[in-house]
1. Cβ-Cβ below 8 Å, separation at least six or inter-chain, first residue in region 30-53 and without any contact (Cβ under 8 Å) to a residue 40 or more places away in the chain, second assigned to a helix (DSSP H, G or I) and of a type in the set (Val, Ile, Thr): which pairs?
2. Just give me the residues in region 33-81 being of a type in the set (Val, Ile, Thr) and over 12 Å from the mean Cα position of the chain (by Cα), in sequence order.
3. Within region 72-95, is there a residue that is surrounded by 15 or more Cβ atoms within 10 Å (Cβ to Cβ), over 15 Å from Phe18 (Cβ atoms) and of a type in the set (Phe, Trp, Tyr)?
4. Looking at region 96-118 only, could you name the residues that are surrounded by 12 or more Cβ atoms within 10 Å (Cβ to Cβ) and polar (S, T, N, Q)?
5. For region 59-71, which positions are aromatic (Phe, Trp, Tyr) and open to solvent by less than 60 Å² (accessible area, probe 1.4 Å)?
6. Can you give me the number of residues within region 65-82 that are of a type in the set (Asp, Glu) and outside any loop (DSSP other than H, G, I, E, B)?
Amino acid sequence: PEEGEEEARPGGRRMLDFCLTFPFAGMLMAGGLFAFAAAGSVPSLVAGVGFGAALMYCAQRSLQSYRNGEVNEAALTASQALCGLLTVAMAHRWHTTQKYMPAGALCTLSCGMNFFYLMCARFQKAPPKKEA
């Protein structure tokens, strides 16, 4: 880093929120479709595809900002809020059903994504601007 700049992380690495958001969103969408196909669960379809699509949109906005040399804090905050809501909903369902699959697994994964987003918020910084 140049004088006056601080490193994003030790070693100068950045945490990029969209790197894990895309696969997580895809997994949610696939899970919703699978639950609908296997058991006819419309709530699972709506929640899985809805949360997945919203997270996919946030990841796309974040990636686009990154390519422009910026950090999209709104997309990161929205992703974290969505995962927080998913964590609470799945924790409640897990507690009610006492079944780890799928509610407990989704609760665990979304909680992990929330931790990842916290780390991104702490260490994320804009990429260096490309000089033309």
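1. Gly32/Val46; Gly32/Val49; Leu33/Val49; Phe36/Val42
2. Filtering region 33-81 down to residues of a type in the set (Val, Ile, Thr) leaves 42, 46, 49, 71, 77.
Across region 33-81, the qualifying residues are Val42, Val46, Val49, Val71.
3. In the first step, residues of region 72-95 are kept if they are surrounded by 15 or more Cβ atoms within 10 Å (Cβ to Cβ); the result is 72, 75-76, 78-80, 82-84, 86-87, 89-91, 93-94.
Imposing the further condition that a residue be over 15 Å from Phe18 (Cβ atoms) reduces the set to 84, 86-87, 89-91, 93-94.
Applying the additional criterion that residues be of a type in the set (Phe, Trp, Tyr) yields 94.
Within region 72-95 (the criterion being surrounded by 15 or more Cβ atoms within 10 Å (Cβ to Cβ), over 15 Å from Phe18 (Cβ atoms) and of a type in the set (Phe, Trp, Tyr)), the answer is yes, since at least one residue qualifies.
4. Residues satisfying the conditions are Thr97, Thr108, Ser110, Asn114.
5. At the first step, the residues of region 59-71 found to be aromatic (Phe, Trp, Tyr) are 66.
Passing the criteria: none in range.
6. Filtering region 65-82 down to residues of a type in the set (Asp, Glu) leaves 70, 73.
This time we only want the ones that are outside any loop (DSSP other than H, G, I, E, B), so: 73.
Selection size over region 65-82: 1.
The values are calculated or read from the model by the stated rules, or taken from the named source; none is laboratory data. The structure presented is a predicted model; accordingly, all values stated were derived computationally and were not measured. Positions of Cβ are generated from backbone atoms using ideal geometry, with glycine treated the same way; all protein chains shown enter the neighbour counts. The protein model used for the area step is the full one, side chains on, heavy atoms only, and it has no ligands, DNA or RNA in it. Shrake-Rupley method; radii C 1.70, N 1.55, O 1.52, S 1.80 Å.
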